[in-house]
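Below: the structure, in structure tokens.
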Amino acid sequence: MDFKDNIIKAGEIARKAREEGIKVAKEGVKYIEVAEAVENKIIELGAKPAFPCGVSVNNIAAHDTPVYNDERILKKGDLLKIDLGAHVDGYVADTAKTVEITTNKNQKLIDASENALKAAVKLAKDGTEIWQIGQVIHEEITKLGFSPIRNLSGHGTGQYLVHTPPTIPNYNNQNKTQLKKDQIIAIEPFATPGEGLVIEGKGSTIYAIINVKNTRNFEARKLIKFINENYKTLPFAERWIIKEFGLKARILLKILENENIVKQYGILPEKSKALAVQTEHTILIEHGVVT
Ligand code: MN
Ligand code: MN
């Protein structure tokens with residue numbers, strides 16, 4: 001299959017999984033039920049999760065995912081960002097949506113990020129310069145009285161890679177590089193009434209391999225093999241590893257982290273503790289939105 005067939009299939013599956021996650025996400029439901037509904041849907045439809053489903057609430061902009069036996073429950077008024085990826089033969093489609101649980105107090109904030117994405121998608125064609133995408137995102141978000149989060153951005157995706165160049169900014173970064181036909185990019189405007197920056201918070205329990213090397217510990221070597229076979233260079237969740245290795249997975253991951261073989265991502269709260277919303281699509285340039 002051509003890479004385009006793979007990314008289009010991954011995109012369709014990611015869209016359906018996103019819709020499933022939104023259907024499941026109601027007041028009183030556990031975060032882990034949302035994440036597992038999304039991840040199971042991706043597998044059921046014939047793709048694989050490209051990274052652990054993000055379940056980031058209120059002032060957490062991104063990179064939160066349930067831990068093993070996570071007890072957290074969605075509450076009335078929560079602003080929930082579901083961010084997920086599906087891959088087919090490594091080709092990654094990345095998509096996200098924000099919903100408010102039960103109430104509807106922050107629709108304007110959600111609209112700001114959705115309007116920005118819509119305008120950016122319309123512009124994303126062969127020959128468009130990257131700064132133009134950032135500028136239109138910035139314009140749409142500030143028009144409604146909010147700020148884009150400037151240190152989060154869209155990106156390219158590649159085979160077994162969630163993030164590749166170019167950076168697709170949420171403001172005009174002056175980059176005059178042109179988008180090209182058949183390029184895959186993810187566009188993800190984040191909007192906030194706050195300062196418009198995220199900081200790195202506590203560990204998310206999302207990991208990825210950063211150095212391909214071995215370790216002396218026999219069990220840890222088995223874990224490296226498992227990661228290479230199942231995720232390659234894609235991010236994975238501690239809870240996925242616990243399913244295979246039991247609770248000793250935590251110790252093994254710590255060994256690999258200390259030896260600089262894997263890294264753990266931090267959750268990303270908004271710096272001024274303000275609400276954050278995100279909308280994301282993956283686009284195949286001159287084909288359109290795939291998610
Ligand atoms: Mn995403
Ligand atoms: Mn992304």
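Where does segment 203-266 land on Rg(C-alpha)/(2.2 N^0.38 Å)? Intermediate values should be presented prior to the final figure.
Working: Rg = 10.2 Å, N = 64, 2.2 N^0.38 = 10.7 Å.
That works out to 0.95 for segment 203-266.
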Given the whole protein assembly as supplied and a 1.4 Å probe, what does the accessible area of Y31 come to in Å², nearest 10?
20 Å²
Mean-square fluctuation check for the chain, GNM, Cα pairs under 10 Å: which of R18, R150, R250 is largest?
R250
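Once neighbouring chains are kept in place and the probe is 1.4 Å, which whole percent of the accessible area of segment 153-205 is contributed by carbon and sulfur?
On the way: 1230 of 2380 Å².
Roughly 52 percent of what the probe reaches on segment 153-205 is carbon or sulfur.
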Give me, ordered by chain and number, the residues 5 or more places off S272 or on other chains with an amide H under 5 Å from its own placed amide H.
E195, G196, L197
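Please state the equivalent ellipsoid semi-axes for the chain: what are the square roots of 5 times the Cα gyration tensor eigenvalues, largest first, in whole Å? Display every interim value, and only then the final one.
On the way: eigenvalues 171, 104, 64 Å².
Working through the eigenvalues yields semi-axes of 29, 23, 18 Å.
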For a label point 7 Å from the Cα of W131 along Cα→C-beta, name the residues of segment 154-184 whose backbone N is under 17 Å from it.
167-179
Using only the Cα atoms of segment 52-171, what do you get for the radius of gyration and for Dmax, in Å?
15.6, 48
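Per the Cauchy relation, a quarter of the hull surface: what is the mean projected area of the convex hull of the alpha carbons in segment 107-253, in nm²? Write out the running numbers ahead of the final one.
Details: hull surface 44.2 nm².
Result: 11.1 nm².
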If the reach is capped at under 13 angstrom between alpha carbons, list the aspartates and glutamates near K76, excluding any in the same chain fewer than eight residues apart.
E27, E100
Under the Karplus relation 6.51 cos²θ - 1.76 cosθ + 1.60, θ = phi - 60°, what is the ordered set of whole-Hz ³J(HN,Hα) values for segment 271-288, x standing for Gly and Pro?
4, 8, 6, 7, 4, 9, 10, 9, 9, 8, 10, 9, 10, 9, 4, 6, 10, x
Compare A93, A220, A50 in a GNM of the chain, Cα atoms joined below 10 Å, and give the one with the largest fluctuation.
A220
So what's the gap between the Cα centers of segment 112-128 and segment 210-255, to the nearest angstrom?
38 Å
For the chain, with the dipole built from +1 on Lys and Arg beta-carbon atoms and -1 on Asp and Glu ones, taken about the Cα centre, which of I43, I224, N106 lies farthest toward the positive end?
I224
Amide H neighbours of A50 under 5 Å, at least 5 residues apart or on other chains, H built in the peptide plane: list them.
G85, A86, H87
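How much area per residue is accessible in segment 203-266 when the probe is 1.4 Å and only protein heavy atoms are counted (Å²)? Walk me through the intermediate numbers first.
On the way: 3370 Å² over 64 residues.
With the other protein chains kept in place, segment 203-266 gives 53 Å² per residue.
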Accessible area (Å², per residue) of segment 56-170, counting only protein heavy atoms and a probe of 1.4 Å
39 Å²
Evaluate the distance, in nm, between pseudo-label points positioned 7 Å from the Cα of V29 and of E44 along their respective Cα→Cβ axes.
1.2 nm
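Hey, got a sec? Which GluC sites (Glu not before Pro) in segment 199-251 land in a DSSP loop and have at most 13 other Cβ atoms within 10 Å?
Working: sites: E200, E219, E229, E238, E244; in loops: E200.
Listed in order of number, the matching sites are E200.
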Under 18 Å from the K263 label point (7 Å along Cα→beta-carbon), backbone N, segment 140-167:
151-158, 160-167
The chain: relative contact order from alpha carbon pairs under 8 Å, six or more residues apart, as a whole percent, is 23 percent
Diffing segment 254-262: the Karplus 3J(HN,Hα) column from phi (6.51, -1.76, 1.60, θ = phi - 60°), in whole Hz with x for Gly and Pro, holds 4, 4, 5, 5, 5, 8, 6, 8, 10
Ranked packing of 20-30, 187-197, most packed first, by mean Cβ within 10 Å
187-197, 20-30
Cα-projected label distance for K180 with D70, points at 7 Å along beta-carbon direction, nm:
3.8 nm
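Write down Rg/Rh for segment 1-116, rounded to two decimals, with Rg from the C-alpha atoms and Rh from the Kirkwood relation over Cα pairs.
So for segment 1-116, dividing Rg by the Kirkwood Rh gives 0.99.
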HN-Hα J in Hz across segment 2-9 - Karplus 6.51, -1.76, 1.60, θ = phi - 60°, x for Gly and Pro:
5, 4, 5, 4, 5, 5, 5, 5
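The values are calculated or read from the model by the stated rules, or taken from the named source; none is laboratory data. Computed from a predicted structure; not experimentally measured. Virtual Cβ from ideal backbone geometry, glycine too; neighbours counted across all protein chains shown. When the accessible area is computed, the model is the full protein with side chains, heavy atoms only, and any ligands, DNA or RNA have been set aside. Shrake-Rupley method; radii C 1.70, N 1.55, O 1.52, S 1.80 Å.
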